[in-house]
Structure formats: structure tokens, C-alpha cells
Amino acid sequence: MISAAVHAKDVNIAIVGGGLMGREIAAAIQRWPALIDHPVRPRLTAVCDINPDALAWFDQIDTVTTKVTDYHELVNDDSIDVIYIAVRHDLHEQLYVDTISAGKSLLAEKPFGIDRAASETILAAARAHPESFVRCSSEIPFYPGAQWAINYVRSGALGRILEARNSFRHSSDLDVNKPLNWKRQNKYCGKAGVMNDLGLHVWHVPLRLGWHPERVYGVLQNIVAVRPGLSGELEPCDTWDNAVIHSWARHDGCEFPLTTEMKRIDPGQKNSWEFEAVGLDGGVRFSTSNPKAVDVFTTADIPGIGREQSWQRIEVGSQSIWPTVTGGIFEAGFSDSILQMWASFLAEREGALGERFGCVRPEEAAFTHRIFDAAILSQQSGAAQVP
């Protein structure tokens, strides 16, 4: 029987950055009634963007009563409880620290600072202001299939893990004539390039499973070195386009190879997140390319044949971290994963998440910068590095 949360706590949300992800978050909050018995009822009340034209989109949301171009107005607004910030990487440190220091809760965008120094400054601010609940955004692991795979690994069904891989691959930069933008310039995106852009998505699950890389070997590519600038003339495009990080990690004390892939130029890929882990006793893999399917590896005794190996396909439904009104037989999508990420964030903020999977912790986000730095040093030296 479906029931509604009677005593849900009102939480006022503000968004800084009215672009693609700001709009996705706004849309997810409007779908909040799809959740069952959640302890929080969020209200999007304020939006900030330095471009006034970007604010017009939010006119269609009745609860938005404040629209500003200076984020300080939201940081200093006592009516706001939580701020979601999606801005350029080089702006993270100042905006995040100001938000945390004001005692606001923060759902930050990756990579949690442009570099290791910035991430450690943000982490220090979070530790100095425990009243500010801080997490980092990474929505893909909230797909039901991803959760199924994570729980299967946690169950011990794989036995001793032999190898694991987590990837985020798309082809957004396949066109070499695509104009230069901030994500393709080190001064705005950071020297980690695509690792800053996509890296947290592929490290969220491994780090949460306790797979901390002990040695890192980076294979990095700057494939398109110049792109058309605003004038149409070619300008330097100095970020890494693709990155593969090979590493050694441990599970239950046993060492195994862990590979993460982050690629902006991967022909044939639209926007795919993939996770795979294989052990002596079993295996599991999931890809957002087929969101209903989880593949499970097992061995079985077959009469008249003997013991055989088999990859089997299981179809998962719509349910993820928090129960929803959506029928269990339906498949989930990107907007559903964002809703589940927010449900997890706000439930954990209220101390009601329990053992459910949570958003990226500040310590995890900061640690990824150590991994990226080690990968860059490895690329330069040709040798493995310790993060």
C-alpha cells in the first residue's frame, strides 16, 4: 500500500548555476511526489546565475521567488537551507567555502575544486563547519542496475576479486571542429582535464566499496590540440581528452587490478557509464546503455554436461535507493537517477539514510584529486605512482 509522508520536513533549496545541470536538478525536485514516505519535502525557492537570461527558464516553477546574479545573496539568505552549485571548476573553491562557512548545506558538483589544493581547502572548511552537510554530486550510481551490481559485490558472491573496471565514455568532442569552451582549457577546467570532468563518476563506486588505489599508472591523451575560438581562429585546447587509469587495489586483503576510463572522444558511445567486477566465484556488470539489464556470471552443474560457466542476464526494474510510486517493472533513466541522488542526499542530511548508498563524501572527492595527480605524474614519468 502506498502512503504519503505526513510529517515531511520542509527544506528550502537554492541553485547556483542555471545551466544544464541546474535545470535538471530543478526538474527533479518538481518530481518529488514520486517518492514514498521521504522525510523531507524540498522547495526550490531561489536561483542564481551571472547571466540574467538563464534565469528566465525558472519562471515556470511557482516556488522560485528569488532570482539573483550574485550568489552572496543566497549564501546570506537565512530562509535557504541547502545550496546546489554547478559552476566552472575554477570557481568551486571560493563558492563552496563561502557556502560552507555560512552554515548552508551544500551539494557540490564535481570535481570538488579545480585541483588537489582547492579540494583540500574545501574539505578543511567542511571539517571546520560540521553544521554544514556537504556532499558531491554523482548521479549515475543511483541507477537501479548500478545499485544491484554494487549490492552483488557487497554480498560476497564474487569471492576473491580478480579484476574490476568502471568507465564513463561519450563522444561529445568527436567533432574536431567543435568550438573551444571552458571545459577544454586548463585554466578553467584544471590540469586533470577529462579526469576532472568525468573522474568522480567512475571513482564513486570503487571508493565506496573500499577500493583505494595503492599504485596508479596513467594513460592520458590530448587528441585534439586546437579548436576554433570565438573569433573562428584555432586556439590551444590543452586538456586531456581521454584518460585510462590502471591501478592496484585491495578487496578483503587481496590485491587486484582496477581500471577506470574517462573519455570524451570514444566513437560509438553516446554517454555510457559501465561497471564490471569479476571474481573466482562470480561476476557482475552493468551499463547505462541497457539500463534494465544486469549481467551476472555464475558456474553451474548441468546434467549430462558437467560444470559450465555462464553469463546470465537479469532485468531490474525502476526501484533504487528510495521507493517510488513508479511500477517496479518499468525501467529507470537519467532523470530518475538524479531524483534518487537528491533523495539520498536529503535523507542522509536528516540522518534517515541508514545503510543505503549515499552521495560522494568530501573525503572521497578530495582523494580523487590525489589519484588524478598520480596519473599525470605517471604519464610524465612512464612509471606507476602512489596517490
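A short reminder: the numbers here are calculations on the coordinates, not readings from a lab. Just so you know, these numbers come straight off a predicted model, no measurement behind them. Every residue, glycine as well, gets a Cβ built from its backbone with ideal geometry; the counts of neighbours run over all protein chains shown.
Of note:
- Note on the chain: with a GNM built from Cα contacts shorter than 10 Å, the maximum mean-square fluctuation among Thr99, Thr326, Thr239 falls on Thr326.
- Amide proton proximity set for Arg41, modelled H, under 5 Å, gap of 5+: Lys9, Asp10, Val11
- Under a 5 Å amide H cut-off, with hydrogens placed 1.01 Å from N, Gly159 pairs with Asp281 among residues at least 5 apart or on other chains.
- Around the amide H of Val360, modelled in the peptide plane, lie the amide H atoms of Cys136, Ser138, all under 5 Å away and 5 or more residues distant in sequence or on another chain.
- Of all beta bridges that DSSP places with both ends in the chain, some 65 percent have antiparallel geometry.
- Under a Gaussian network description of the chain, with springs only between Cα atoms under 10 Å, the residue in His204, His251, His369 that fluctuates furthest is His251.
- Tensor-based shape of the chain (alpha-carbon gyration tensor, a/c under 1.5 rounded, otherwise prolate or oblate): oblate
- Per-residue HN-Hα couplings for region 169-185 [Karplus 6.51, -1.76, 1.60; θ = phi - 60°; Hz; x = Gly/Pro]: 9, 8, 10, 5, 10, 5, 6, 6, 9, 4, x, 5, 9, 5, 6, 10, 9
- Largest GNM mean-square fluctuation across Thr288, Thr260, Thr45, computed for the chain with C-alpha springs under 10 Å, falls on Thr45.
- When the C-alpha to C-alpha distance is required to be over 21 Å, the pairs from Lys110/Lys178; Lys110/Lys263; Lys191/Lys263 that qualify are Lys110/Lys178.
- The HN-Hα couplings worked out from phi for region 368-382 by the Karplus form 6.51 cos²θ - 1.76 cosθ + 1.60 (θ = phi - 60°) are 4, 5, 5, 5, 5, 4, 5, 5, 5, 4, 5, 4, 6, 8, x Hz, whole numbers, x standing for Gly and Pro.
- Applying a DSSP loop filter and a limit of 10 other Cβ atoms within 10 Å to the GluC sites (Glu not before Pro) in region 150-247 leaves Glu233.
- Scalar couplings 3J(HN,Hα) for region 189-197, obtained by applying the Karplus form with A = 6.51, B = -1.76, C = 1.60 to θ = phi - 60°, are 8, x, 5, 7, x, 4, 5, 5, 6 Hz; x denotes Gly and Pro.
- Mean residue ellipticity, 222 nm, helices only, the chain: the sum of -39500 (n - 2.57) across DSSP H runs of n ≥ 4, divided by residue count and rounded to 500, is -8500 deg cm²/dmol.
- Cα gyration tensor category, rounded, prolate or oblate, for region 100-199 with a/c compared to 1.5: oblate
- With an a/c value of 1.5 or above and a/b not larger than b/c for the gyration tensor axes a ≥ b ≥ c computed over the alpha-carbon atoms, region 1-160 is described as oblate.
- Here is the list for region 4-48: trypsin sites (Lys or Arg not before Pro) lying in DSSP coil, each with at most 16 other C-beta atoms within 10 angstrom of its C-beta, are Arg31.
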